[in-house]
Structures are given as structure tokens and as C-alpha cells.
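Here's the structure we're looking at; comments come further down.
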Amino acid sequence: MNHIFQKDISGCGLVGIINQKKEKFSGKIIKRAICLMNERGNGLGAGFAAYGIYEVLKDFYAIHMMFNSAKSVKDTEELFERYLHIEKREPIPHRPLEAIRNYPALYRYFVIPKRADIEASMYELDDDDFIVRVVMKVNSEIDGAYVFSSGKNMGVFKGVGHPSDIAEFYRIDEYEGYMWTAHTRFPTNTPGWWGGAHPFNILDWSIVHNGEISSYGINKRYLEMFGYRLTLLTDTEVVAYLLDLLVRKHGIDIKHACIALTPPFWKDIDEMESDEKELMTAIRMVYGSAVLNGPFAIIFTYSMGMVGLNDRIKLRPLVAAKKGSFTYIASEEAAIREICPSPDVIWHPKAGEPVIAEFIN
Amino acid sequence: MFPSLVTPLFRVTVNHDKCIRCRRCIQQCGWGVYRYSEKDNKIIPDEEKCTACGRCMVYCPADALLVEKHPMALRENANWQPYHLRNIWKQAETGGVLLTGMGNNLPYPVIWDHLLIDACQVTNPAIDPLREPMELRTYLGRKPDNIQISKNNGRYTLTVKIPPQIRLEAPFIFAPMSYGALSLNAQKAMAIAARETGIVMGIGEGGLHEDLYPFRDHLIIQVASGRFGVHPDYLNAGVAVEIKIGQGAKPGIGGHLPGEKIPHEISKTRMIPVGTDALSPAPQHDIYSIEDLRQLIYAIKEATAYKPVSVKIAAVHNVAAIASGIVRAGADIIYIDGFRGGTGAAPTIIRDHLGIPIEIALAVVDERLRQEGLRNQVSIIAAGSIRSSADAAKAIALGADAVALGTAALIAMGCHVCMHCHTGNCSWGITTQRPELTQRLDPEVFGRRLANLIRAWSRELKEILGALGINSIESLRGNRERLRGLGLDAQTLNILGVKPAGL
């Protein structure tokens, strides 16, 4: 019954900020930018991803959990005990708010894989694959438990509410990071599920997304062929997993991974020089099922930096700007100008052409 | 002599007031229905011979002919259908296996007609194919699971080359139909259209006439159980080689081209003596199991500098496991022919009762290959009654890389699906070798019409993609989320991997 799922549809606003020298800045800044785009959300989902916030425990995977029941906590912790060494376990700090009344139990665990007494199929995995497998197990097998963040030295904070409320709730202003993304959401159907908000995350990949992946059906089936289990009922998830597959597992550089997701048109490939033509043709042949089609603007962040990407004919807005060692990407120019009134350069990236801002060593 | 009990199916009426006695009907009809009576100065039809091929009506300059369903009544019976009665009468009179041509015409449910395609509204914009690029280009062949790129002096290059592929400008091919089953002119028309539209044609197992060698970039060479006309130049005369194991219309059944249909030209291309029967055994006698298939695949690859090898099978109950084995045996393309696929000649009982629909076969093969992580290694061609661009779009959404047009291509050349291909008397010059009939099929004219058909379906596919809000065919391929079932039972929906309309 794997084909029976309900796809989530939404419009949205996005912001991403990176300091390429890894100089940290407060979550207050991105909060201002995302809150400016109030029109782009309807209070049914918002979230933040922050990189560089867990310096002290940076060697441990920070697992952020949502729990709906005491049983789901117990089941999850049993599973964790079996597979993971837990360095630290604590509630995710949050403050009570009038606007946010119903929320799941929120905990974070700082973990590394435990190699003793586990099945051989897990034993042979490298750390990242190991953690992915554990995340998939929790999300697909334990009712009421959901991993919404699993990277190192980074964390996702998200829920059902306006971005200002979600920021307040998670005390976003108290974190300092060198890279942030934020999202506000306008879903057309409202499961009212905290896990359904953005950013989506796996390991240190996180994605904020405005749009609809019309190719979702085949992207999902393609990923399943490589062992990914798609559990979130939303199309954003495929973007995160596709990047994980292409960059981490297939070892493709980020630029070409983006090209695989939004490849040039054949009419342009036909005009290219032989080497490039051969490479682009191969990418399209091999990764046809990974092509993201339909209207979208996404910002994804990972340990190396931040990337903004539009669909092949730019059906959703995306603006980028630079100022010193900062790069900004947002749905609207106004959101950037709110926090950076006079950028060195500001531009509208072309359809399908990624904006890549990596950290400078 | 006792009269035959088999009564005519069609009534042929000549309007003698309109008739100008030009006798063109006599000349046009391949079945010998018409004769001229000097005594009466009238055209006299023998309607028992009529197949309703439509040729006489199209070509009568006076519009004086009418072929209609014969009104002779049989008492209605939901169990004993007229065809049961007719078949029993024929067999009682002849003692033979009844033969037929074309695809299964029994009223089995057509699943295509129970699948509906999605469209965009509000949350995702539709794309106008007249204003925006819309891509149908398709490559058939084995792809690796990932690419490997290296960077030298700031330039990125591909380090591991992709194996040879068949490039199609639209996800269509002409289904393999042999020279022998078809006239040379019919094959030439398809070759001309394939070249004009950037697609390919299968050539069937009758060897390759020398006139078709110039079309090598648009041919898939076939090796079947009869091994007719197979030699090294032949194997290398196309872009790929297809091993034919089975055919949807007659799974498990070989072929038999009677000696009367082996004149000089066909004898030359098939490399058999004039007038001998061309027998294609049911199995390939060097393939009695999957490991034998592997040997043949690699023997062909060795002989062709590793061109793609396609394996054509009929859709049978266990098709998913068979397909998986074929991929593991080294095939680069699997051609699946559903039980409605056409034939030049097959026992009626086989055609009408063996095999399964292409919709089901395609769905289970695509799904099984994904479960086994093999789907990248092979392309799937779906065949067996693709009647329109909508059928093609649905097939692609179920998981096909491309679809094959057999009957549809013949219809473009005039065929009225009279189902008498096996008689060799085709009035349209398609499934006949009688020179007076074949010469009426002008390859240039019908090549143009076939190209028009491919262009028309391509445009329609682009319209469908645009409505779906996607701009390349690979985003439809296997995207079952964009299909919904209407009036299909839960089990069938599950097998198809398609949600019911409303979900």
C-alpha cells in the first residue's frame, strides 16, 4: 500500500543567511527577515535551522525528537539504547506561549552509533548511514515519535504557528550560529502536524522549500530503490534525500548535484562543447528520475554551506544578495533589505542555476 | 456439396444507379469480392469474402458501395456468442486450428480506459507547451546507478562513459513487424517516418532488405527463433539488436510464413529457398533457460561492439520475475508485449486467451525491478495496444521508457483492422506480398502520414505534460502519483500502484 499517501501542498516564504567565515550571529536576525514575509504564511507552520549552535557537543549527532505519547518516548529510547551511545539527553528549551498551546513533547539527544550487540547489516554501515538507518527506523516504525533533526552541531526548530511565535517558543534569539534558514508556510490542507513544518532535515542536510514537486511520485520511487523510506508525506523530503544520495553516497560535487536536480534543457545541451555536452547528457540519462519538476524555490544547507535553487523555468521567487562574508537568499528582496539594507550585490538567480555559498576555510 | 454454415458477417451493397461500371472495386479489393457481369452490366459482390477492410468504399469514385454489418439475426444469447457459433462451424467443416491476424478483439476490460491523468490547478502552475520548452527526448539502454566526474584544470569531465543508448526524440518506436508479414513498402514507410521524426523502428525477424540498410540509425535489428537472414552485417545494421522470445498475440507460439508468401525478394532477405515455409519455432532452440539467454545476449554484444540488446517478451502471468531474470542476464532493454498486441498470423484461440494486459505487466515489471534495484540497468518498452497519446502517457506514468506502435502504425497506412493479415491479401498493400497490392502503398506518402502521427502524438504528450506542470518526460516516467483509477477494484489498483480517483 506504499502508493497510498497524501501529498502535502503549500505555498511559502524562505530565508537563508550564511556567514562564509563562520562568524556567528544571533537568531534574532533571521527572525526579523522571515517575519517580514507574513503574507507568505498562514500560521500553520514555521521553522528554523541553525548551524554552529552545539559547539561543545559538536562530535555528537544532535537528535531532536517530537513525541506524542509516553509510549512513543519509551519505544524510542529503547531503540536508542540498543543502537546509540547517548552522551546527553534533555528537553529542548522552550517557553510557554499563549499562541502555542498544543505541542508535542520535545527532547534532544546527543548520540553516536553504538557498535556492540547489533545486527550485522547495521554493524557494517558508516556513522552517517548508521544514523540515517536509525532515523528511518524511528520515523517509520514508532507510532507518535518523530526525528526532526539529526545533524552534528546544528539543529532544527519547527512547529505549527507563525514564525514569530515559533521563534519565541523555541527561544531562537538565544542561539548563535554561522548559518541559518527559516521558513513560513501556507499549506492548502492542514494536517496541523508539527513534523510537517519546514525545515526538513537528515544528518546535516536541511531544506526549506516553497513549492510543489510535481515529479514527486517518481522521485519517491527512485529514492526507495536506494533504500530511503519516505515517511513525511511531503514532497520536500525528497529534495533532502536526493541531495543525500547524490552528494554523500554518489560523491557528486554540489554544483553537479544541483544540475542533476534541475538539468539544462536539451536545446542548450545540444549547443555545448563536447566534454560538457557529454557530461550533461550523462547526468540527464542517469538522473532522469531525480529531476525536480514543478514550481519550487529551495534553500538547502549542509556542513559545507548553503545553496539556493529554483525550478527549471523559475515558477517561484528567489532572490540572492551578498554583503562582505554574508550571503543572503530569500523569497523576497524586502526580506533581505530588512536585515541588510545595502548589500554589495543583489540579484535574481536564473531558473535552474544554483546559488552556492560555501564556507571559506 | 453441402453449403457452409458460416454466414457472411458483412452486407455489401452496390448502388447500381450510382455505379459507373469503372470496375475499380474489382481492382482494389484484395479479397475478390467483386466481379463484373457482362450479361447484366452490373458489379456483383460476393459478400462472403468481404472483410470490411474499407478499401472499396474509400476508392469508389461514384460512392456507390456500402459495406455494413450483416443484419442476419442469430437468436441473442449472452453465453453462446456469434463468434463461438462461427468458430465451431468453421472447425466442423475444416478440422483445423483457426487462424487470425491483428490483436485480441474480445471484450476484456481495457485498463487504459479506467486510468485518468492529473492536471494542475492553483497550487502549481500549468506550463504552456507553446511558450515554454517541453522535452520528450528519451534514451533507451542500460544506465549506471551513478555518474563519476573528475575535475582537471577547472574542467569537469565524465570519467566513466555511459554505455551506448538509443536516442529517441519522442518516447515512441514502431513495433517490430517483419518483411514477410508486412510488405517492403510498409516497412519503408515506417523507416522514412522514423528517420524524419528521430525515432526508431523494429524490423521483425524477416531479415533486412537491402533498401533499408541506409536507415541504420533508425533500426532495431531482430534475432528471433527462425534466425532468418542473420549475418554479421545484419546484426550491425541498426542501433540495437532485439532478441525476440515472445509476442503478446501468441505467447509460447512460434511463427509460420507459408511458402506461397516467400517470393524471390523475401527468400533473399530471409536467406531461405523460394517457396519454402518459413518456420519460427516456439522457443529459440538455443535458449532453453535463462543462462542460455545470457550467452546469446553476450554473443550478440560481442558481434556488435556492445550495442544495446533488447529482449522482447510476451506479457504472461509471471512476467515480473522473468523480466528480472532478463535484466540479470544482461539485457539493456526489455520490450513487453501485452495480450492485445497484434500479429501477422496466430491461432485465434491463442491470441484471444493467453497472456495478460500490458497495463498490469508493465506495472509489475517496473515495480519488481525497482524493488530489486535493477530499474536503472534497463529501459522498458511497453507494447500491446497503444491506441493514442493518452495510452502512451499512461504507460509512461506506469513506468515505461517508451511505447511501441504496431497496429496504430498500420492504421496510419490505411489499415481498418479487418483482422485478415494472415491471408496475405491486404487490400491496403500492408500485410501482403502480392505486387499489384503492395505497389499501391507509396512509402513516401505513408511515411509522411506516419511521421505526422508521431508528431501529433508528440504534441499531445507535450500538452499533457504542460497540464501536469512538468516540462520533461522523465518526470512523468514511473510517476504513478499523477494517475488515478476509476472503476478499478482495490486489488488491481494495488497491483498498478495507483490511487483511486478521489484520494
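Where a number appears in this text, it was derived from the coordinates with a stated rule and is not lab data. From a predicted model like this one, the values you see are computed outputs, not experimental measurements. We place every Cβ from the backbone using ideal geometry, glycine too, and count neighbours over all the protein chains shown.
Shape class for the range B:251-368, computed from the alpha carbon gyration tensor (a ≥ b ≥ c): oblate, with a/c not under 1.5 and a/b at or below b/c. Derived scalar couplings between HN and Hα for the range A:44-52 equal 9, x, 7, x, 9, 10, 10, 10, x Hz in order, rounded to whole Hz, by the Karplus curve 6.51 cos²θ - 1.76 cosθ + 1.60 (θ = phi - 60°), x for Gly and Pro. Let a ≥ b ≥ c be the square roots of the eigenvalues of the Cα gyration tensor of the range B:1-119; is it rounded (a/c under 1.5), or, if not, prolate (a/b larger than b/c) or oblate? Cα axes put the range B:1-119 in the oblate bin.
Under 19 Å of direct C-alpha separation, and excluding same-chain neighbours fewer than eight residues apart, B:Lys268 reaches these aspartates and glutamates: B:Glu205, B:Glu210, B:Asp211, B:Asp233, B:Glu260, B:Asp277. When both bridge partners sit in chain B, DSSP labels roughly 45% of those beta bridges antiparallel. Other residues whose C-beta falls under 14 angstrom from the C-beta of A:Asn139 contribute a net charge of -1, scoring Lys and Arg +1 and Asp and Glu -1.
Dimensions of chain A from C-alpha coordinates, computed as largest minus smallest value along each principal axis and given longest first, are 59, 48, 43 Å. Here the Karplus curve 6.51 cos²θ - 1.76 cosθ + 1.60, taken at θ = phi - 60°, turns the phi angles of the range B:94-106 into couplings of 10, x, x, 6, 6, 10, 8, x, 6, x, 3, 10, 7 Hz, with x standing for Gly and Pro.
When the Cα gyration tensor is reduced to axis lengths a ≥ b ≥ c, the ratio a/c is 1.5 or higher for the protein assembly as shown, and with a/b above b/c it is classed as prolate. Taking A:Pro187, A:Pro199, A:Pro264 in turn, the Gaussian network model of chain A (Cα-Cα springs below 10 Å) assigns the largest fluctuation to A:Pro264. Listed by Cβ neighbour count within 10 Å, with the fewest neighbours leading, B:Cys53, B:Cys22 appear as B:Cys22, B:Cys53.
Pairs exceeding a 27 Å alpha-carbon distance, out of B:Lys188/B:Lys244; A:Lys158/B:Lys394; A:Lys28/A:Lys220; B:Lys18/B:Lys261; A:Lys137/A:Lys249: A:Lys158/B:Lys394; A:Lys28/A:Lys220; B:Lys18/B:Lys261.
Rounded to the nearest 20, the Cβ-based charge dipole of chain B about its Cα centre (Lys and Arg +1, Asp and Glu -1) stands at 400 debye. Helix B:290-303 axis versus longest C-alpha principal axis of chain B: approximately 80°, rounded to the nearest ten. Each Lys or Arg adds one and each Asp or Glu subtracts one; over the other residues with Cβ under 11 Å from the Cβ of B:Pro214, this totals 0.
Given a cut-off of 18 Å, what percent of all Cα-Cα pairs of the range B:405-503 lie beyond it? Tail fraction, whole percent: 65. Of all aspartates and glutamates in the structure, the ones whose alpha carbon falls short of 20 Å from that of A:Lys323, not counting any fewer than 8 places away in one chain, are A:Glu23, A:Glu176, A:Glu332, A:Glu333, A:Glu338, A:Asp344, A:Glu358.
Taking the charge dipole of the protein assembly as shown about its Cα centre, with +1 at Lys and Arg Cβ atoms and -1 at Asp and Glu Cβ atoms, the residue from A:Gly192, A:Val56, A:Ala99 reaching farthest to the positive side is A:Gly192. Which of the listed residues, B:Gly101, B:Ala119, B:Leu66, is farthest toward the dipole's positive end in the range B:40-126, when Lys, Arg count +1 and Asp, Glu count -1 at the beta-carbon? Result: B:Gly101, furthest along the dipole toward the positive end. Only one residue of B:Ile333, B:Gln439, B:Gly198 has its Cα farthest out toward the positive end of the dipole of the protein assembly as shown, where Lys and Arg carry +1 and Asp and Glu -1 on Cβ, and that residue is B:Gln439. Here the residues B:His353, A:His256, B:His70, ranked from fewest to most Cβ neighbours within 10 Å of their Cβ, fall in the order B:His353, B:His70, A:His256. Database remark: amide H of A:Leu84 closer than 5 angstrom to the amide H of A:Lys114 (H placed geometrically; neighbours at sequence offset of 5 or more, or on other chains; Pro and chain starts carry no H). Among A:Tyr175, B:Tyr156, the order by Cβ neighbours within 10 angstrom, fewest to most, reads B:Tyr156, A:Tyr175. Count Lys and Arg as plus one, Asp and Glu as minus one, and take only other residues whose Cβ is under 12 Å from that of B:Pro283; the net charge is then -1.
Axis of helix B:389-398 versus longest Cα principal axis of chain B: the two differ by about 40°, to the nearest ten degrees. Cα convex hull, the range B:325-425: 114 Å³ per residue, rounded to a whole number. Dipole magnitude for the range B:290-333: computed about the Cα centre from +1 point charges on Lys and Arg Cβ and -1 point charges on Asp and Glu Cβ, it is near 100 debye. Loop-located trypsin sites (Lys or Arg not before Pro) in the range B:358-423 (DSSP state other than H, G, I, E, B) with a sparse environment of at most 12 neighbouring Cβ atoms within 10 Å are absent.
Backbone geometry of the range B:434-450 corresponds, through the Karplus equation with coefficients 6.51, -1.76 and 1.60 at θ = phi - 60°, to 3J(HN,Hα) couplings of 5, x, 5, 8, 5, 5, 7, 9, 7, x, 5, 4, 7, x, 5, 5, 5 Hz, x marking Gly and Pro.
The alpha-carbon of A:Lys314 sits under 13 angstrom from the alpha-carbons of these aspartates and glutamates, leaving out residues fewer than 8 places away in its chain: A:Glu212, A:Glu353, B:Glu132. When you filter the trypsin sites (Lys or Arg not before Pro) in the range B:232-305 for DSSP loop state and at most 12 other Cβ atoms inside 10 Å of their Cβ, nothing is left. Computed about the Cα centre, the dipole magnitude for the protein assembly as shown is approximately 1180 debye when only Lys and Arg (+1) and Asp and Glu (-1) carry charge, each at its Cβ.
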